[in-house]
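This report concerns only the one structure given below.
The values are calculated or read from the model by the stated rules, or taken from the named source; none is laboratory data. Remember, predicted model here, so these are calculated numbers, not experimental data. Note: ideal-geometry Cβ built from the backbone for every residue, glycine included; neighbour counts use all protein chains shown.
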Amino acid sequence: MIKSRFLFACCVALMGTRLALAFSSDGSTLTRILNRNTSLTNFPLVLTATFTNNTTNTLHGFYYTEQIPQGISVQALSVKVNGQSVSNYINETGDFGDVFSDVTPVRWILEQPVDFSESNAIPPNGTVQITYSLNSTSPGTFSLHDFCWVAMANSSAISNSTPTNIPGAGLVALFPANEGTGNVLSNVASNPFGFSSSTTLSNPDWGSNFIHFQGAGSFAEFNIGTSISNRMTVAGWFNFPSYNAADDACIWIWSPDIYAGNGAIFHTMPNGMFRLRYHNAASGAWTGGDFPWGAISPSAWHHIAWTLDLTRGDTDSSVFVDGVPLSLVPYGSGVPTNSVLDAGIWRLASYAPPDGNNCNYSMRMLALYNRVLTQADVTNLMAATSGRGLPSAPIASFGFSETTDRQSLTFLGGPTITGAATSSGFVLRVTGIPGFTYSIQASTNLTAWNTIATNTSPFTFTDTNSIASPRRFYRALQVTSMN
Amino acid sequence: MLNGDCFQNTAKLWDLANGPAHYIGVDDVIVIKANAQWPNQGYTHTGCIKGIIDKIFAIPGFAGEILICDNTQGGGNGPGSYAFNAPASNRVNNWPDKNWNELAADYQAQGKPVAVVQWQNDINWREPAAVPSYSFWNPASGPGWTRYFLTAGGRPTYISSPIFASPMTPGRMIDMQNGVWENGAYTGRKVKAIFMPTLNNHDYNGGSEDYAGVTSAVKSFFGATEIFHGSPVYISDDYVWNGYYSIHSTSYTQTQDPNAAFIAGQVVGTFINKLYSPILYVTAAMYSGWFNRTATNGAALTKTVLACENPATLDYISCRDVIGPFAPWLNPDLQNNTRRQILGCNSQGIGTIDPTQLEVITYDFQHPTASRLDVERKIRDYKQGTATQQDVKDLINVYMQSE
C-alpha cells in the first residue's frame with residue numbers, strides 16, 4: 001500500500017492530468033492513464049485503466065464504466081487479467097444521459113451475475129488492464145470525468161439443498177422436490193406421524209430443484225393416514241402459468257372425498273378466481289373463500305400457504321401469498337364446529353384419475369402441517385425454504401473518480417502548412433501538435449509525392465527547389481506521435 | 001415498484017426515475033395534485049404522498065415549497081370524508097397515521113414548507129371570444145382559473161387551470177401554467193405538477209365496469225379543472241353552464257354516446273396540450289379498489305406504486321398488470337371504457353399503448369433486482385452526498401444476485 005502511494009505520487013508529478021485519481025471502498029486502486037492529452041481529429045488517443053485488487057479476497061462480477069462525452073467515439077482495444085488477454089468480456093453502451101446529463105456510459109463487464117460464468121475473477125493482488133481508444137472527428141476539448149468500478153468478494157448461489165431450520169411443530173411432511181428424476185417425491189420430515197415416506201408420481205417433469213406437472217395425466221398421490229385431522233397448513237413454492245379461462249379445473253391440491261366425505265380442495269375456477277373450500281359429509285355444507293388469480297403473478301415463483309381450522313364451525317381459512325395474508329371473498333356456510341378431514345389419499349395437480357383436469361404448474365418445497373401456521377410461522381417457513389441467502393453475505397466493493405479527477409482531451413484540426421515565396425525559395429511553416437513529428441511532401445502533379453523535410457512541430461523549411469519549378473504542391477503529414 | 005411499503009416503493013421509484021433532481025430544481029414550487037374526493041382507498045395513499053415529498057426535500061439545497069392540491073368539486077362522500085380531513089374511520093386501505101391536513105401540519109412543525117390547497121371553482125361566468133380560445137386569468141385579480149374553450153364530441157366545452165395563493169408565502173400566487181407570480185410579476189420560478197392518482201374501479205355499485213372504467217391517471221384530471229359552475233356547492237356532474245359543458249358533462253355524462261369515454265380521454269389530452277403538462281404521474285396503488293373506490297372489503301393489497309411521464313401509458317400498464325388481474329373488466333386489452341378512455345388521451349399525442357414503444361421497468365421488493373445503471377446512479381448519489389456508502393454496497397449486493 002505504501003509503495004503504491006509512492007508510485008501514485010510520482011505519477012502525478014510526472015504525468016499531470018493524464019492520470020486520474022479515484023475513491024475506493026476497499027483499498028483497491030484504479031488508475032486511468034492517457035497516452036497523451038492532445039491529438040488531431042481522427043487520430044485516436046489511447047487510454048489505459050488499470051485496476052489492482054488490493055484486498056485479500058477474490059473479486060467476482062467486476063465491471064468498469066467510463067462516461068463518454070458527446071462527440072467522442074470509443075473503441076475497445078484489449079482487456080487483460082493478470083496480464084492474460086480476456087476475450088469473453090462484455091462491452092456495453094448505455095443511453096446518453098443515463099447517469100449524468102452530458103455523457104454516455106460505456107462498460108467493460110468481466111463477469112455477469114448471477115453465475116459469473118465468464119470466469120474472469122480477480123485474485124488478491126491481481127490486476128485488470130482495460131485499454132481503449134477515444135477519437136473525435138471534430139476539433140474540440142472534452143472532459144473525461146466520471147468512471148467507476150464495481151465488484152464483490154464472493155458469489156451467492158441458489159441452493160437446492162434441504163433446509164434444516166423450518167418451523168418444526170406439527171410438520172407432517174416436507175417434499176423438497178429436488179430429486180430431479182424418477183417417479184417418487186420423498187418426504188424428508190423427520191417425524192412424519194405415520195405418514196408414508198414418499199409419494200407416487202405419474203408423468204412428472206423435473207427441473208433442477210422443482211417438479212413440473214406438465215398437463216395430461218401428470219399428478220402426485222400420497223397417503224396422509226391420520227396425520228391431519230381438524231387443522232392443517234399446506235405451504236410451498238409454486239409457479240403458475242397465466243390465467244386461462246378455459247383452464248377451468250386445474251386442481252392444485254385436494255384431500256379425500258371432497259364430495260362424499262369430509263374433504264378439502266384448493267383449485268382454480270373459470271371466473272378468474274382461486275377457490276379453497278371444505279365439505280362436511282354430515283351437514284352437506286360447504287365453506288371456504290375465493291381470491292383472484294391476480295394475487296399470484298404468472299410465471300414467477302411464489303410462496304403460497306393455505307390454512308384450515310375446522311374446530312371453529314364455519315371454516316376459518318386463510319391464504320398467504322409470499323407471506324402476506326389475502327382478503328378472501330367468503331364462500332358457503334353451515335359447517336359444524338369440530339369438523340374433520342378424512343384419512344386417506346391426497347392428490348396434487350389433478351382431481352380424480354382419469355379426470356381430464358390437467359394441471360400445468362411447478363412446485364418445490366411443499367410442507368404439510370397438522371396445525372394452523374401463524375403469519376410469523378409462514379414467514380419463517382418461506383425464508384427457510386427460499387433457497388436463497390444460504391451462503392455468507394457478499395462483500396461489495398466499488399470505486400469511482402473523484403471530482404478533481406477530470407482529464408481533458410483536445411482534438412485539433414490540421415496540421416496546417418503555410419508558405420511564402422522568397423528569393424531563396426518557398427518558405428513553408430508547419431504547425432501541428434507541439435512535439436509531434438511531421439513531414440512536408442512536395443508534388444508537381446498531385447499524384448507523386450516526395451518527402452522533402454521532416455521535423456517536430458512547429459518548424460519552418462525553405463524549399464530551394466521551388467525556384468526551378470513552374471508549379472509545385474505541398475502537404476504536411478503526421479509521422480509519429482509523442483508517447 | 002411492488003411489494004415494498006409505501007416509503008420503500010416511493011423511494012425506489014425515485015431511484016429508477018433517476019432521482020427527484022432529474023425533474024425538480026431547487027427553487028421549484030411543486031404541486032402534488034392527488035385525488036381527495038373519496039374515503040378509504042378512494043383517496044391517494046397519504047403515505048405514498050409523504051414518500052414522494054420526503055425525497056424531494058432530500059434534494060441538496062431544495063428551497064421550494066410543496067403543495068398538496070385537489071378540487072373535490074364538492075362531490076364524493078361530502079365534507080368530512082375528503083382526504084384533507086379524513087377521520088381514522090375513513091382511512092381503511094390507506095395510510096392510517098395521518099390525513100393530508102395532518103401530514104402538512106406535521107411538515108410545517110418541522111419547518112418544512114408543505115401545505116394543502118383545496119382548489120375552489122370560480123362561480124363567475126366569462127363568455128369566450130371564440131371557440132377554441134383561452135380566457136386567461138390575471139393573478140393580480142386574486143385566485144381564479146385560466147379557461148380554455150374547445151369543442152368536444154360536438155359540444156362547446158371548457159377546461160381550466162387554477163391560479164391560487166400559496167399558503168406558505170404571503171403574496172405568492174401559484175399559476176399552474178406560467179409559474180410563480182409575486183409583487184405584480186412572474187418571477188421566473190417554476191411551478192411543476194406531479195399527479196398522484198389512485199387506482200380504483202370507478203363503478204359506484206361495484207363489481208363491473210361503469211361509464212368510466214378505471215379511475216386513475218387520466219381520470220384524475222377531472223379534479224384538476226372545474227366541473228360544475230356557478231355555485232360554490234355541488235350541483236351535478238352533468239351541469240351545463242351558459243351552454244358550455246364541463247369535462248364530465250361533455251364526456252361520461254353522454255352515456256348514450258359509445259364514444260363518451262374516448263371523449264373524456266380526448267379532453268384530458270387537450271388539457272395537457274393546452275393548459276399544462278405534469279412532470280410526472282405517480283399512481284399510488286398500495287391498495288387497488290377492484291370492486292369500487294370505497295368498499296373496504298373490495299380492495300386488493302397490491303403494494304404497488306407506478307410512475308410514468310404520461311397518463312395514458314401509465315393507466316394502460318396499471319390496468320393491465322395491477323388492477324386488471326383482480327377486476328378483469330378493467331383489462332385495457334379488452335374493448336371497454338377503460339381502453340376507450342386511454343385511447344382518447346393517446347389520440348391527442350399523449351403516450352402510447354403499443355408494447356413495442358414502451359418499456360416497463362419493475363422492481364419487486366420480494367425479488368429485488370438491480371442493474372448496472374441502478375448501481376451507477378447510486379454511486380453518483382453517493383458522490384453527491386444523497387446516499388451512503390452502505391446504500392451503494394447494498395445495491396451492489398442486490399445487483400450481484402440479479403439474473
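Residues in region A:264-293 that are more than 16 Å from A:GLY332 (Cα to Cα), touching a strand residue (DSSP E or B) at 6+ places or on another chain (Cβ under 7 Å) and within 12 Å of another protein chain (Cβ to nearest Cβ): how many? So that I can check it myself, show each step before the final result.
Let us first name the residues in region A:264-293 that are more than 16 Å from A:GLY332 (Cα to Cα), namely A:268, A:270-272, A:292-293.
Now restrict to residues that are touching a strand residue (DSSP E or B) at 6+ places or on another chain (Cβ under 7 Å): A:268, A:272, A:292-293.
From what's left, within 12 Å of another protein chain (Cβ to nearest Cβ): A:272, A:292-293.
Adding up the residues that qualify gives 3.
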For this session: Identify all residues within region A:34-50 that are at pLDDT below 90, part of a strand (DSSP E or B) and hydrophobic (A, V, I, L, M, F, W, C); write none if there are none.
Result: A:LEU34, A:LEU40
For this session: Hey, can you tell me all the residues within region B:389-403 that are within 9 Å of chain A (Cβ to nearest Cβ) and either among the charged types (D, E, K, R) or in contact with a Phe, Trp or Tyr (Cβ under 8 Å, 6 or more places away or on another chain) (or both)?
Result: B:GLN389, B:VAL392, B:LYS393, B:ASP394, B:ILE396, B:GLU403
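Scan region A:276-285 for residues that are crowded, with 19+ Cβ neighbours inside 10 Å, touching a residue at least 40 places away in the same chain (Cβ under 8 Å) and not polar (S, T, N, Q) and report the count.
First, the residues of region A:276-285 that are crowded, with 19+ Cβ neighbours inside 10 Å: A:276-280.
Now drop any that are not touching a residue at least 40 places away in the same chain (Cβ under 8 Å), which leaves A:276-278, A:280.
Remaining after also requiring not polar (S, T, N, Q): A:276-278.
Residues meeting the conditions: 3.
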Problem set entry | Test result for B:ASN337, away from chain A (no Cβ under 11 Å) and in contact with an Asp or Glu (Cβ under 7 Å, 6 or more places away or on another chain) | yes
Seminar exercise, completed: Taking region B:375-388 and keeping residues out of contact with any helix residue (DSSP H, G or I) (no Cβ under 6 Å at 6 or more places or on another chain) and either free of Cβ contacts under 8 Å to residues at least 12 places away in the same chain or more than 9 Å from chain A (Cβ to nearest Cβ) (or both) leaves B:GLU376, B:ARG380, B:ASP381, B:LYS383, B:GLN384, B:GLY385, B:THR386, B:THR388
Problem set entry | Hits in region B:231-255 - residues which are under 20 Å from B:CYS345 (Cα atoms) and at pLDDT 90 or above | B:TYR245, B:SER246, B:ILE247, B:HIS248, B:SER249, B:THR250, B:SER251, B:TYR252, B:THR253, B:GLN254
Problem set entry | Odd one out for B:THR352 among (1) assigned to a helix (DSSP H, G or I); (2) in contact (Cβ under 8 Å) with a residue 24 or more places away in the chain; (3) more than 7 Å from chain A (Cβ to nearest Cβ) | (1)
For this session: State whether one or more residues within region A:341-363 are over 20 Å from A:ILE224 (Cβ atoms) and either at pLDDT 90 or above or within 14 Å of chain B (Cβ to nearest Cβ) (or both).
Result: no
Seminar exercise, completed: Those residues of region B:34-48 that are more than 19 Å from B:GLY78 (Cα to Cα) and touching a strand residue (DSSP E or B) at 6+ places or on another chain (Cβ under 6 Å) come to a total of 1
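Just one of B:ASN35, B:ASN9 is closer than 30 Å to A:ALA295 by Cα, in contact with a Leu (Cβ under 9 Å, 6 or more places away or on another chain) and not charged (D, E, K, R); which is it? First the steps, then the outcome.
On the way: B:ASN35 fails: in contact with a Leu (Cβ under 9 Å, 6 or more places away or on another chain).
Selected residue: B:ASN9, the only one of B:ASN35, B:ASN9 that is closer than 30 Å to A:ALA295 by Cα, in contact with a Leu (Cβ under 9 Å, 6 or more places away or on another chain) and not charged (D, E, K, R).
Given the residues B:SER220, B:SER216, B:SER236, B:SER208, which is the only one that is polar (S, T, N, Q), in the same structural domain as B:THR313 (by TED's automatic domain parsing) and without any contact (Cβ under 8 Å) to a residue 60 or more places away in the chain?
Only one candidate qualifies: B:SER236.
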For this session: Need at least 3 residues that are within 30 Å of A:THR48 (Cβ to Cβ) per element, so show me which strands (runs of 3 or more DSSP E) inside region A:414-483 make the cut, counting only ones lying wholly within it.
Result: A:437-443, A:450-456, A:473-480
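With the requirement that a residue be in a helix (DSSP H, G or I) and touching a residue at least 40 places away in the same chain (Cβ under 8 Å), what does region B:22-53 give you? Steps first, answer last, please.
Initial filter on region B:22-53 (in a helix (DSSP H, G or I)): B:22, B:40-42, B:46-53.
B:ASN40, B:GLN41, B:GLY42, B:THR46, B:GLY47, B:CYS48, B:ILE49, B:LYS50, B:GLY51, B:ILE52, B:ILE53, listed by residue number.
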Seminar exercise, completed: Over region A:144-154, the set of residues at pLDDT 90 or above and out of contact with any His (no Cβ under 7 Å at 6 or more places or on another chain) is A:PHE147, A:CYS148, A:TRP149, A:VAL150
For this session: Evaluate the following for B:ARG155: is it assigned by TED's automatic domain parsing to the domain that holds B:ASP106, surrounded by fewer than 21 Cβ atoms within 10 Å (Cβ to Cβ) and closer than 30 Å to B:LYS112 by Cβ?
Result: no
For this session: Output yes when any residue across region B:301-323 is within 14 Å of chain A (Cβ to nearest Cβ), at pLDDT below 95, surrounded by fewer than 20 Cβ atoms within 10 Å (Cβ to Cβ) and over 23 Å from B:ASN346 (Cα atoms), and no when none is.
Result: yes
Exercise. In region B:262-287, which residues are closer than 20 Å to B:GLY76 by Cα and more than 15 Å from the chain's Cα centre (by Cα)?
Worked result: B:ALA264, B:TYR287
Seminar exercise, completed: For strands (runs of 3 or more DSSP E) lying entirely in region A:51-151, having 1 or more residues that are surrounded by fewer than 21 Cβ atoms within 10 Å (Cβ to Cβ) and within 10 Å of another protein chain (Cβ to nearest Cβ) picks out A:90-93, A:103-109
Exercise. Out of all the residues in region B:160-175, is one or more at pLDDT 95 or above, among the acidic types (Asp, Glu), at negative phi and surrounded by 15 or more Cβ atoms within 10 Å (Cβ to Cβ)?
Worked result: yes
Exercise. For B:ILE361, are the conditions met, namely being more than 11 Å from every other protein chain (Cβ to nearest Cβ), surrounded by 15 or more Cβ atoms within 10 Å (Cβ to Cβ) and touching a residue at least 12 places away in the same chain (Cβ under 8 Å)?
Worked result: no
